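Note sheet for the following structure.
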Amino acid sequence: MTDLATATGDHGPLTVESQRLRDLITRIGKDALERERAYQAPYAEFELIKAAKLGALRIPREQGGGGASITELYATVIDLAEADPNIPHSLRNHFQITESMRRRPHPSHERYWDLVRDGQLFGLSVTELTSKQAGGRQRHLETAVTETPDGLRLNGVKFYSTGNLYVDQLLVVARGDEKPLRLIVPVDRPGVVREDDWDGIGQCFTGSGTTRFVNVPVTPEDFIENALAYEQIPYLSTFAQLFLTAIIAGILRSVTTDAAAYLRARTRSFYHAASEVPAEDAIFQERVGEISATAYAGEAMVMTAAAALQDAIEAHGRPEEEKLALRASLRAAKAKVVLDALALDAATKIFDLGGGSAARRSSQLDRHWRNIRTLASHNPRALKAKVIGDYEISGNKPPNGSFF
């Protein structure tokens with residue numbers, strides 16, 4: 001691997017075929033297990049990501065970015081998740097925001113593209129725990145921008161602020177007189193408070209806690225026009241939903257690697273086992289084979305759905321866009337329904353390879369199940385399967401909201 005300066009220095013846009021990207025991913029994964037053991041957030045790793053300008057991966061090359069296709073982006077997400085699943089999860093909102101700007105371009109976005117090209121990352125502040133329906137378009141927003149004697153001020157509290165601990169700019173949805181307002185504010189503006197209070201059982205270092213806005217000064221230039229609103233694009237949220245499934249696919253690679261390494265290192269077996277040498281035990285070999293096959297199937301499902309999503313994005317503005325977007329949404333949903341179950345089973349099978357040592361906290365083998373379970377919980381599998389079934393039976397289309 002090249003040195004750090006080469007991996008993160010200003011050598012032009014980071015591209016999917018570059019050695020710099022491989023080196024960056026390797027560097028991210030190098031200490032991931034130690035970070036997990038020490039309960040340490042990846043602040044240093046995100047500094048490398050910004051220096052390498054990874055957030056510009058989807059910007060066309062002629063516009064100063066990496067020029068990655070949708071399928072190349074999801075392949076990179078899988079690679080990053082194999083190294084450390086917290087990293088791509090924390091980047092999901094950034095890529096969702098920039099993808100929205102790509103699909104609904106507007107001259108006012110150019111200043112934000114400049115920030116992305118410089119390495120800055122964007123986060124999202126949308127969810128409020130007072131909302132009675134998660135993901136719905138018609139939300140009662142308590143976060144609001146109000147006129148005060150000192151000018152416009154932003155006040156409110158957002159939760160599930162994934163990645164906000166590591167980003168530079170926040171896209172905020174707030175209450176307006178007639179419709180929700182969208183504005184972008186830098187994280188270092190007075191009154192912006194990002195709390196590290198996410199207490200999930202997995203994906204512990206994604207910065208998914210609370211973001212507070214306390215009398216944050218805003219100006220008219222902070223507001224953005226509605227081209228960033230998902231309502232204007234059919235099944236825009238398929239991008240973000242498939243992102244989570246791609247992270248699970250990357251975790252399954254790690255499950256495979258850890259399962260094989262665990263068996264190779266194990267010298268002690270059971271007196272009634274099929275072999276005295278664990279690595280030569282046919283039953284254990286079968287378990288590892290099943291885990292590896294699941295990882296392969298997961299990646300194949302994600303990439304098939306990604307190809308459908310790429311077709312839909314390339315058809316933007318054409319008559320076939322809605323049909324292709326529906327196909328991509330359904331494929332992403334089917335991939336989730338199948339992979340959520342298979343992945344949790346695979347992450348459990350790793351404990352079949354040994355005795356009590358596999359459950360030791362120092363081994364950290366449980367992190368895979370916890371991370372998969374947390375990712376899968378973002379969007380209930382049963383509800384997704386119900387929508388797929390309704391479509392197959394009656395032709396009723398999935399809802400065009402946050403979870404599809």
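Find the lysine pairs in the chain meeting two conditions, Cα atoms under 15 Å apart and a separation of 8 or more places or different chains, and report how many there are. Summing the qualifying lysine pairs gives 9.
What's the exposure ranking of 140, 94, 316, going from fewest to most Cβ atoms within 10 Å? Kindly include the intermediate steps, with their values, before the conclusion.
Numbers: 140 11, 94 26, 316 14.
Going from least to most buried by this count: 140, 316, 94.
Taking 318, 61, 103 in turn, the Gaussian network model of the chain (Cα-Cα springs below 10 Å) assigns the largest fluctuation to 318. The residue 361 and residue 189 beta-carbon pair, evaluated with R₀ = 41 Å, returns a calculated FRET efficiency of approximately 0.50. For the pair the range 263-284 / the range 160-175, the C-alpha centres are spaced 49 Å from each other. Could you compute the FRET efficiency for residue 62 and residue 283, with r as their C-beta to C-beta distance and R0 at 45 Å, rounded to 0.05? The pair residue 62/residue 283 has a calculated efficiency of 0.25. Each of residue 260 and residue 300 was given a label point 7 Å from its Cα along the Cα-to-Cβ line. The distance between the two points is 1.8 nm.
Rounded, prolate or oblate: which fits the range 321-365, taking a ≥ b ≥ c as square roots of the Cα gyration tensor eigenvalues, rounded meaning a/c under 1.5, else prolate when a/b beats b/c? Don't skip to the answer; put the middle values down first.
Values: a/c = 8.24, a/b = 4.07, b/c = 2.02.
Since a/c reaches 1.5 and a/b is larger than b/c, the shape of the range 321-365 is classed as prolate.
Each Cα pair under 8 Å and six or more residues apart adds its sequence gap; the mean of these over the residue count of the chain is a relative contact order of 16 percent.
I need to check one value: relative contact order of the range 261-370, counting alpha carbon pairs closer than 8 Å and at least 6 residues apart, in percent. Before the final figure, lay out the partial values.
Details: 87 pairs, mean separation 25.2, N = 110.
Value for the range 261-370: 23 percent.
Classify the range 4-121 as rounded, prolate or oblate, taking a ≥ b ≥ c as the square roots of the eigenvalues of its Cα gyration tensor: rounded when a/c is under 1.5, otherwise prolate if a/b is larger than b/c and oblate if not.
Values: a/c = 1.85, a/b = 1.64, b/c = 1.13.
Judged from the Cα gyration tensor, the range 4-121 comes out prolate (a/c at least 1.5, a/b above b/c).
Counting 0.36 nm for each residue step from residue 175 to residue 129 and taking away their Cα separation leaves a gain of 15.1 nm. Against the set (i) 150; (ii) 166; (iii) 124, the structure's computed volume of the Cα convex hull per residue in Å³ falls on (i). Placing a pseudo-label 7 Å from each Cα along the Cα-to-Cβ vector at residue 148 and residue 18 gives an inter-label distance of 4.2 nm.
Coordinate-derived values only; no laboratory data. Just so it is clear, the structure is predicted and the values come from calculations on it, not from any experiment. Neighbour counts run over all protein chains shown; Cβ positions are idealised from the backbone, glycine included.
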